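First the structure, in the form of structure tokens, and then the observations on it.
Laboratory data are not the source of any read-out in this text; all were calculated from the coordinates shown. Worth saying up front: this structure is predicted, and the values here are computed from it rather than measured. Backbone-built Cβ (ideal geometry, glycine too); neighbour counts: all protein chains shown.
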Amino acid sequence: MMGLYKGPRLLEFAKTPQHLQFNKYVLTGYRPVSTAQECIRSLFYMHNELGNIYTHGVPFFLFLVLLPFSIPWMEVDSSWICAVHYLACLSPTVGSVVYHVFMNHVGGEHVYDTLLSMDMFGVCLVNTLGALPIIHITLFCYPLLRQAALLAYTLLSAYGIYCATTARTNILRLQAFIWQAMFRFLLFLFRVFGSGVGSPHSLRLFVIMDTLAVVGGLVNIIQIPERFVPGLFDNWGNSHQIMHVMVVCSIIYLHWGTLEDFEWIKTFQCPTEQSV
Ligand SMILES: [Zn+2]
């Protein structure tokens, strides 16, 4: 019976390995250093990473199964953007689940760093892959400019991935995403004030998407609410879980916005004199 599984004795903050002491306001509930098998067993008893695991684990399976039904695979001009979009929606949750399940692995800091890079890589992938359909649609009537922008964004993203996976602090990690966010902002400006195209409803959804992601990242950095009542949010409701939920909401807005654009592009015709 999974609910009745009694886990090992949990540790307090000071007793956990140094590389796992990243939130001094989470006082208890740390799993002991574990083998891979013991890490997997920790899915079935209470500890302070359980909320982190399930807030991304459950959405991962829901996205995996449900999203393909809402993606118009055959109706969009190039189906690669559908595949890219699906991968984008899945990538941040899968990396995160692996990170949170195995972070206390007996391999120590080296294993931890690799897992953290994996988690960061997932976030980079949603930023990167998630934006490609937006670029594709926005510059729909300018094939050359579109290809240049797709290439530029991919290169910028490769640099962002390098920064994010090697960064040592949360602030440096957040900085790695700022360049991508600025590029997307330019794209949004081009839609509003320039000759970029796209569904009139999708932009609002993409702005909500980016806002949720940025606010989630900030909440995680400033460690609210646990900083006000250390120990109260050890298992549930701490900043990292709030960020997880905001990331999931952000992905849902990405999905809605992209579907809007896909629906819109089906019937859109570029003015012929604009084509370059
Ligand atoms: Zn996480």
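Here are the numbers for the structure shown:
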| item | result |
| --- | --- |
| Percent breakdown of C-alpha pair distances by 5 Å bin, ordered from the shortest bin, for the range 124-235 | 2, 11, 19, 20, 16, 12, 9, 5, 3, 2, 1, 0 |
| Mean shadow area of the range 50-269, taken as a quarter of the surface of its Cα convex hull (nm²) | 12.4 |
| Average Cα contact separation per residue, the range 86-219, under 8 Å, 6 or more apart, as relative contact order % | 22 |
| Value at 222 nm in deg cm²/dmol, rounded to 500, when DSSP H runs of n ≥ 4 in the chain each add -39,500 (n - 2.57) | -22000 deg cm²/dmol |
| Centroid-to-centroid separation of the range 144-172 and the range 110-124 [C-alpha atoms, Å] | 16 |
| Exposed-loop-free span, longest in the chain, where GluC sites (Glu not before Pro) count as exposed if DSSP calls them loop and at most 14 other C-beta atoms lie within 10 Å | 76-276 |
| Within-15-Å neighbourhood charge of Cys82 [Cβ basis; K, R +1; D, E -1] | -4 |
| C-alpha long axis of helix 80-102 to longest principal axis of the chain, angle in ° | 10 |
| Per DSSP, loop trypsin sites (Lys or Arg not before Pro) in the range 153-232 with at most 16 further Cβ within 10 Å | Arg168, Arg227 |
| For the chain, cysteines whose Cβ has no other cysteine Cβ within reach (under 4.7 Å) | Cys39, Cys82, Cys89, Cys124, Cys163, Cys249 |
| Folded to 0 to 90 degrees: helix 109-138 orientation relative to the chain principal axis, Cα | 20 |
| Between 0 and 90°, nearest 10: helix 170-193 axis offset from the chain longest Cα axis | 20 |
| Loop-located chymotrypsin sites (Phe, Trp or Tyr not before Pro) in the range 34-107 whose Cβ has at most 16 other Cβ within 10 Å (DSSP) | Tyr45, Trp73 |
